[in-house]
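Notes follow the structure.
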Amino acid sequence: MHTIDTSFCPIHLGQEAYSTLKEHLTKAGYSKLFVLVDKNTNELCLNSFLDKLDSDLKIQSIII
């Protein structure tokens, strides 16, 4: 996994980023996840993202 450190937060890239995100969401104890997407991302990418995330959280997409 490649990580870019910014002054605000690290940005993780690559397949391993999904497990890092899932681990963060689990540790944080969130009960729900909102994903902000546009129409194209919703249609073309969101399902793949959610499948790879493989989380038990309630996930709601917000389409703008």
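Bear in mind that the values in this text are calculations on the coordinates, not laboratory data. This structure is a prediction, so every number in the text was calculated from the model and none was measured. Neighbour counts are summed over all protein chains in view; Cβ atoms, including those assigned to glycine, are modelled from backbone coordinates with ideal geometry.
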Antiparallel as a % of all DSSP beta bridges within the chain, to the nearest 5?
40
Go through segment 8-21 residue by residue and turn each phi into a ³J(HN,Hα) via Karplus (6.51, -1.76, 1.60, θ = phi - 60°); whole Hz please, and just put x for glycine and proline.
8, 6, x, 10, 9, 10, x, 4, 5, 4, 5, 5, 5, 5
Pull up all non-local amide H partners of SER61: gap of 5 or more, or a different chain, and H-to-H distance under 5 Å with H placed in the peptide plane.
VAL35
Orientation-averaged projected area, Cα convex hull of the chain (nm²)
4.9
Treating only Lys and Arg (+1) and Asp and Glu (-1) as charged, each at its beta carbon, one finds that segment 1-57 has a dipole about its Cα centre, in Debye to the nearest 20, of 140
Farthest positive-ward along the chain dipole, Cα basis, beta-carbon charges - from THR20, ILE59, ASN47:
ILE59
